[in-house]
Amino acid sequence: MVSEFILHIPEGINFDCTGCGNCCFLWPVPLTDDDVKRIGSLQFTEQKFEPAHIIKTGVPGSAGQNSFAAALGKRWDGKCQFLSPDNRCEIHSQFGAPVKPSMCQLFPYTFTNTPAGVFVAASFASTGVLYNRGKPLAEQREHLQETFELFKRLFANLKPDWSNLQLVDGQPLIFEEYLEFETGFLNALSPLSSERAEKILIGLSKRIFGLIVNKRDFDRVPGVDVKPRTIDSLVLKSLMATYFPSDVYRENTCDIDSAALARNFVMPPDKVLLDLDSKQYGFSQLTQYSLGPLNDDSENLLRRFAYLKIFSKLYFGAGFAGLSLLAGLNHLASVIALVRIVLKLRNIDSKKTGREISFEETAECVRTLERRLTVANFSKQSKTILEVLLSSPERAERISSLAS
Ligand code: SF4
């Protein structure tokens, strides 16, 4: 029985499983108690597996009665034990989709509950979503309604609070007002646009900045005498370490090292270096070489990523770290610029700075970013520091210029 609710479905987003098996590699699959019982009792017709290997995480999740206190163990090669050599899920093949772990049934969809209804999103950790393959989500309404019922059961205690929205820290914003802004944001990011995603976002952020009643110098950290460009470099270093760590799979929690960031403001280092892929890069390397625009498919992917974050409201307020609308837009612009910076540094490292970056390289960077954003769990300190540092559209613009 499907309950009554308004389900808003994004335009221009497609998904069908490509059968790549990527979501069944390395990524831990959390299990509810029901999943553990159901999967533990399966009798496979051809027993190719050891009995289901389930690990207790010892971390009761936030999903209420269906907390995820266990996870599927992985094989020695990091793949799910139920993934066949031809990248098929053996549980799905032998017993049907509803027998799979709940999170596998849900993936790649997610839902944001708001006072204006439920907004559907899909994860860019999925190859189908990254490549925009398959049926438009708008044509999958029935399936999405059923999947939302599963989401509600799994996250029964998840009740996002949209009553404390802020345009910027200290300036409240009511949800209905926000929705009016959002219409403009989504139009700006339409598939007809050919501008870079982060430039569109920075333009929107500047418009929001114009509406701030009590402006202060958002380029500076209150009470600390550090130059704005030094702050830029420290912010970028911190975002890089958070979203592109040396081992994205091993580091299964995601938070800013706010204590280290705050320490650096008091004693700014002479030279800030960026850490990526276990190597270090100076900022001068970023300005010596120009990346230029990516190919059309990559630029479309970055715009689609921005569009879906805006549509699903997973970039500010109850959707992300409690950020204000202004800081949320600047954070989103900065992390998209970060994708370009990662591609640029990898090109510098390969000593092939003139070559065109392939769509596949861009897609893998977006997949990593999405995985990190999905597990982001920021402390109160991190949220505060992000709000302070990312309320400046100029900062997001300077970070974006390093990505050019
Ligand atoms: S249970 Fe099936 S769908 Fe889930 S991760 Fe394993 S192989 Fe993939």
Which one is farthest from TYR307 (Cα to Cα), of the residues in the range 124-146 that are touching a residue at least 60 places away in the same chain (Cβ under 8 Å) and among the charged types (D, E, K, R)? GLU146
Among (1) outside any loop (DSSP other than H, G, I, E, B); (2) β-branched (Val, Ile, Thr); (3) surrounded by fewer than 21 Cβ atoms within 10 Å (Cβ to Cβ), where does ILE385 come up short? (3)
Please identify the pairs in which a residue from the range 14-33 that is assigned by TED's automatic domain parsing to the domain that holds VAL99 has its Cβ atom under 7 Å from the Cβ atom of a residue that is among the hydroxyl-bearing types (Ser, Thr, Tyr) and part of a helix (DSSP H, G or I), counting only partners at least 6 apart or on another chain. THR18/THR127; CYS20/THR127; ASN22/THR127; THR32/SER102
I'd like the full set of residues that are closer than 17 Å to LYS206 by Cα and either part of a loop (DSSP other than H, G, I, E, B) or of a type in the set (D, E, K, R) (or both), limited to the range 158-182. ASP169, LEU173, GLU180, GLU182
Residue check for ARG303: within 18 Å of ASP247 (Cα to Cα) and of a type in the set (D, E, K, R): no
Among the residues of the range 87-129 satisfying the criterion of being part of a loop (DSSP other than H, G, I, E, B) and more than 9 Å from the ligand (Cβ to nearest atom), which is surrounded by the fewest Cβ atoms within 10 Å (Cβ to Cβ)? GLY96
Checked ASN264, ASN330, ASN300 against criteria (modelled with pLDDT of 95 or more and in contact with a Ser or Thr (Cβ under 9 Å, 6 or more places away or on another chain)); the one match is ASN330
From the residues in the range 4-16 that are surrounded by fewer than 17 Cβ atoms within 10 Å (Cβ to Cβ) and part of a loop (DSSP other than H, G, I, E, B), which one is nearest to the ligand (Cβ to nearest atom)? ASP16
Taking the condition within 27 Å of ILE9 (Cα to Cα), assigned by TED's automatic domain parsing to the domain that holds ASP16 and either within 13 Å of the ligand (Cβ to nearest atom) or charged (D, E, K, R) (or both), does LYS74 pass? no
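The values are calculated or read from the model by the stated rules, or taken from the named source; none is laboratory data. What you see is a predicted model, and the numbers here were worked out from it, not measured in a lab. Note that each Cβ is placed from the backbone with ideal geometry, even for glycine, and that neighbours are counted across all protein chains shown.
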